[in-house]
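Everything below concerns the one structure shown next.
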Amino acid sequence: MRPFANVAVAALLSGSLSAQATAAAALPRPHIVVLLSDDAGYADFSMHGATDLQTPRIDSIAANGIRCSNGYVSACVCSPTRAGLLTGRYQQRFGHEFNFPAAKSETIGLPVEERTLADHLHAAGYKTMAFGKWHLGYAEHFHPCARGFDDFWGFLQGSRSYLPLAKSNPLNRLMVDRDAPAESFDYMTDELGRQAAKAIAARGKEPLFLYVAFNAVHTPMQATAADLEGTVGPAPRRKLIAMTKALDRAVGMVLDALGEAGIADDTLVFFLNDNGGATNNASRNGSLRGRKGQHFEGGIRVPFVAQWPKGLPKGVVCEAPVIALDIAATSLAAAGAPAPTDRPLDGANLLPVWRGETKAPPHATLYWRAGDNFALRAGSSKVVRHGANTMLFDLAKDPGERDDLAAQEPQRLQELLAQHAAWSKQMAAPRWGNAAANVPDEGAGKEGQADKGGKDD
């Protein structure tokens, strides 16, 4: 993999890129693929410096396109992140603020009043398909096939076994559209890659939108014997390494299928993770403080890469803060599909940023909230409210959030708190309570604990 261009977005402005941007504006609408991993640590990718594992296929997306060094998700846990990603809106706008318990409910899920990226792209003539973990509601009216997707191959719950289940329930069973066939696959991560690859090979004339939500590397910690072979280290970390190997392989299946179909250059591919690394799967967030369930960088900053060979430059590092909410706006812009006019999209179209057509960052401020805990990033300033502590950090100097400036810069802190309060007033009240207790701050770089089983979070 050739080195990334070590430049900020503002430095991308050049005659060659301007010419490329002009040509890209005339491109036909691309196929769109969103690849989402689950509970992976920020430092668990070789493009981010991992040394005990390799992710060459995921890394290749960055090498062939854009790596966002300040890529975020809109929540520090699974379900709210997915609600934000698929709607392009802060999930707090419609009360989807927390995960929900693993119990069938007719009322808990992504509100039916919200329209998903699949809804918008389907209306624009795209074939829309979802694979893997849903975690946005269990009742019939929350099902992927009721939320804009033509087809679904996956499961509804927040986690499940990677192996076939002889006995399942309506939440964790494999579903093909709305049916529940007998489970006969070998390993879920590989099978998700195969199913997505088959859909690409069998495509019709319509452009494709594929949402592939892997449950890897979420608990339960289950790896194949072949992937475990040759891994070293403590048992929990060995399983994480093996599961990551399978994740990278499955991403490769999708990328290879695009190439074999002759559409790789005409496909906009995103890869990101749904939140920071957890503690029960041995993931690592490196120098970033915190973990899944927290608004420190280790809970919300994630790997975020994209490629579109005909429409984006290659091997560029985007240093401007971006967020998963941007995927919807960017995809609609690439597809030439109209954005909704009856409600705001909070995400930004990143194409002008990535093509070097603008020096302006896509967001002046990013916001997070989960009950009493919250965060705000404005430029390099970041406020974190965690339990009883309210902290202020300068991420430009202190990306690991170790130097609390709250006492030194009280006026700046109060300005940012007022800004967050004003945003928060525009949001809705949570539709349901928090399904998990607040997690204590364990600082930075702590390796995860042993497998505790597959919890629905």
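Just so you know, all these numbers are worked out from the coordinates, no wet-lab data involved. Since this is a predicted model, take the numbers as computed values, not measurements. All Cβ positions, glycine included, derive from the backbone under ideal geometry; neighbour counts span all protein chains shown.
Which value in deg cm²/dmol, rounded to the nearest 500, describes the helix-derived mean residue ellipticity at 222 nm for the chain, given -39,500 (n - 2.57) per DSSP H run of n ≥ 4 and division by the residue count?
So the calculated ellipticity at 222 nm is -7500 deg cm²/dmol.
Would you grab the residues whose amide H sits under 5 Å from the one on Thr55? Only those 5+ places off in sequence or on another chain, please, with H modelled 1.01 Å from N.
Those qualifying (amide H under 5 Å, at least 5 residues apart or on another chain) are Ser46, Met47.
For region 308-314, take each phi angle, set θ = phi - 60°, evaluate the Karplus expression 6.51 cos²θ - 1.76 cosθ + 1.60, and give the result in whole Hz per residue in order, putting x for glycine and proline.
So the Karplus estimates, Gly and Pro as x, are 7, x, 7, x, 9, x, 10 Hz.
Points 7 angstrom from Cα along the Cβ direction at Gln408 and Ser380: gap in nanometres?
1.2 nm
With a/c under 1.5 counting as rounded, go ahead and sort region 74-220 into rounded, prolate or oblate using the C-alpha gyration tensor (a ≥ b ≥ c being the square roots of the eigenvalues; past the cut-off, prolate if a/b is larger than b/c, else oblate).
Oblate is the answer for region 74-220, as a/c is 1.5 or above yet b/c matches or exceeds a/b.
Can you give the % of DSSP beta bridges in the chain that are antiparallel, to the nearest 5?
Here the antiparallel bridges make up roughly 50 percent for the chain.
Excluding residues fewer than 8 places away in the same chain, name every one of the aspartates and glutamates whose C-alpha is closer than 18 Å to that of Lys127.
Correct list for Lys127: Asp119, Asp150, Asp151, Asp177, Glu206, Asp266.
Classify region 308-434 as rounded, prolate or oblate, taking a ≥ b ≥ c as the square roots of the eigenvalues of its Cα gyration tensor: rounded when a/c is under 1.5, otherwise prolate if a/b is larger than b/c and oblate if not.
Oblate.
HN-Hα J couplings of region 117-133 from phi, Karplus 6.51/-1.76/1.60, θ = phi - 60°, integer Hz, Gly and Pro as x?
Once rounded to whole Hz, the list reads 4, 4, 4, 5, 6, 4, 5, 8, x, 7, 7, 10, 9, 10, 9, x, 6.
If N is the number of residues in region 9-360, what value comes out of its Cα radius of gyration divided by 2.2 N^0.38 Å?
The value comes to 0.92.
Report the per residue volume, in Å³, of the convex hull enclosing the C-alpha atoms of region 366-426.
82 Å³
Whole-Hz Karplus ³J(HN,Hα) for region 396-412, in order, using 6.51 cos²θ - 1.76 cosθ + 1.60 and θ = phi - 60°, x for Gly and Pro?
5, 9, 9, x, x, 6, 9, 10, 6, 9, 4, 6, 7, 10, x, 5, 4
Specify, per residue and in Å³, the volume enclosed by the convex hull of the alpha carbon atoms belonging to region 331-393.
About 109 Å³ per residue, rounded to a whole number.
Would you please put 348-359, 393-404 in order of how densely packed they are, using the mean number of other Cβ atoms within 10 angstrom per residue and starting with the highest?
Per-residue mean Cβ counts within 10 Å order the peptides as 348-359, 393-404.
Starting from a Cα-only point model with no solvent, please compute log10 I(q)/I(0) by Debye for region 189-283 at q = 0.14, 0.20, 0.21 1/Å.
Debye intensities relative to I(0), on a log10 scale: -0.58, -0.96, -1.02.
Sequence-distant or interchain residues sharing an amide H contact under 5 Å with Met221, placed H: which?
Gly453
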